[in-house]
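The values are calculated or read from the model by the stated rules, or taken from the named source; none is laboratory data. None of the values given here were measured: they were computed from a predicted structure. FYI the Cβ positions are ideal-geometry reconstructions off the backbone, even for glycines, and counts take in every protein chain you see. Accessible surface areas use protein heavy atoms only, side chains included; no ligands, DNA or RNA. Shrake-Rupley method; radii C 1.70, N 1.55, O 1.52, S 1.80 Å.
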Amino acid sequence: MLPTEHQTHLTVEPTIGLSQNFALGFMFLNAWGPGYSPQFAGWRVLPHFYAPDSWHLPVRLGFVAEFSFQKARYEENSRRVELRPIIDREFSRWQIVFNPVFERALHGPGTAHGWSFDPAVLVRWKRRNFSPSLEYYGEIESINVRPRGQPEVHQLFAGGDWQARPAFSVNLGIGFDIGSRGPGVVLKSRLEWDWRTRRSP
């Protein structure tokens, strides 16, 4: 809700695996804008479910729910829920991931819009050190409240994943709007450390 110029956001997301097919994640949202000291902006909880290998499915299947509790200063809808199915198929050199995401506000003005549909697709070319990728993100503002079929947002991200070390990877990308709606040019990055990977003796 605040002006985004010169504003920095930092999200910390620890995820704990509780079993072979279930993990629990937490997001801690922080913001730092001009004239303000660093602020705690809210938190989210994310249960992760994955289909076991014993099902022998042709794709990897998962489901992540996201429950958001944010300060109204940073997000007008202070409570939201997101349901994210995950359909993942890997080939020898390619990976395709499809996320048909459903989201709605639970508190705030966005509750009047009902459920939104935000499809996302990732296509990755698997390489040893750097794997380039193309990502698509869309948004249909409401699928169950009239008027349906409102103007949509479409974004395309070009980027990739750099495996800097066996346990450390970096994801970088730049996104552009396809059409007249959207946030404009977006730069994104993600740093990921896999605690399970150990150095060889």
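Below, the figures for the structure above:
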read-out: Evaluated over the stretch 1-102, the Cα radius of gyration and Dmax, each in Å; value: 17.2, 55
read-out: Average projection area in nm² (convex hull over Cα atoms of the stretch 16-64, one quarter of hull surface); value: 4.6
read-out: Average accessible surface area per residue within the chain, 1.4 Å rolling probe, Å²; value: 67
read-out: Share of carbon and sulfur in the accessible heavy-atom surface of the chain [1.4 Å probe, %]; value: 60
read-out: Relative contact order computed over the chain (Cα-Cα under 8 Å; 6+ residues apart), in percent; value: 10
read-out: Largest-first principal axis extents, alpha carbons of the stretch 122-178, Å; value: 50, 21, 15
read-out: Cα Rg, Dmax, the chain, angstrom units; value: 18.4, 62
read-out: Gain upon complete extension [VAL123, PHE67; 0.36 nm per residue less C-alpha separation]; value: 17.5 nm
read-out: Under the Karplus curve 6.51 cos²θ - 1.76 cosθ + 1.60, θ = phi - 60°, whole-Hz ³J(HN,Hα) for the stretch 88-93, x wherever Gly or Pro sits; value: 10, 10, 10, 10, 4, 10
read-out: Extension gain, TRP32 back to HIS9 (0.36 nm per residue minus Cα-Cα distance, nm); value: 7.6 nm
read-out: FRET efficiency, 1/(1 + (r/R0)^6) with R0 41 Å, evaluated for ARG181 and HIS56 via beta carbons; value: 0.45
